[in-house]
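The values are calculated or read from the model by the stated rules, or taken from the named source; none is laboratory data. These numbers were taken from a predicted model, which means no experiment stands behind them. Cβ placement follows ideal geometry from the backbone for every residue including glycine, while neighbour counts extend to all protein chains displayed. Side chains included, ligands, DNA and RNA excluded: accessible areas come from the protein's heavy atoms. Shrake-Rupley method; radii C 1.70, N 1.55, O 1.52, S 1.80 Å.
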Amino acid sequence: IGKYNAVAHFRSTDGRTIYKDKYATLTILDRTSENSEIFSKLVMEDVTAKYDGQKHTAKLKNPEIVPSGYSIRYVNNSQINYVKNAVAKCEIVNVITGKVHFTVYSFITIEKIDYDMSNVKFVDTTYSYKVGQTQYLRITGKLPEGVTVSYENNAASAPGSQVRATARFYSHDRNYKDPEPMYATLTISSSEECQVTFQYFTNGVFETSRT
């Protein structure tokens, strides 16, 4: 801000001709208060979007009102991956001094999305009792890439037992939510029939009895 005397020196390429210097005055006006009113009207809205692999950007809605002599500089105003309330900045910079005269802020939020779990099933199942065998309840279908599963209370072995099993799912991709858990009932049917065969010899003939 103020007046500055500028001098332009001229020299010929052959070194023999001498030109007179020329003078001019550069005046930088103090329009801080005037521009502050304009800057206060700048708008950069918050951006909220679901993750889609694309870049989402916050920008001024009315950049045309920025006075001449100022440039617009964005800082951290684009996001692709999941983030909550990332601060985006728009700086209004004096092109001569390089000084930031005003800053507009907004927030960018990229929300996580759901996996397609339509092919994954966890259903009630009944197994016949087998002596010495433990039965397990597990999901069927292919898990989406990036998802793993763990089980709780999904095993039983005693005849007539019934347990409520849980399948919990975990996302290993920051942009996806953990899928909701699934529940199913595992039942072991009553003990298998125990059949004992007796053979005995009567009057010269083998006879068979079963219980």
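Nonpolar atom fraction for segment 62-170, defined as the carbon and sulfur part of the 1.4 Å probe accessible area, stands at 48 percent. Charge tally for ARG164 (other residues, Cβ to Cβ under 13 Å; Lys, Arg +1; Asp, Glu -1): -2. Rounded to two decimals, the Cα-based Rg/Rh of segment 143-189, with Kirkwood Rh, is 1.15. With K and R counted +1 and D and E -1, the other residues having a Cβ less than 11 Å from that of ASN77 yield a net charge of +3. Between ALA49 and ARG73, the simple label model (points 7 Å from Cα in the Cβ direction) yields a spacing of 2.5 nm.
In this model, which of LYS41/LYS99; LYS41/LYS112; LYS55/LYS177; LYS121/LYS177; LYS50/LYS142; LYS89/LYS112 are farther than 28 Å apart at the alpha-carbon? Distance filter (> 28 Å) returns LYS41/LYS112. Note on ILE80 and ALA24: the model spin-label points, each 7 Å out from Cα along the C-beta direction, lie 4.6 nm apart.
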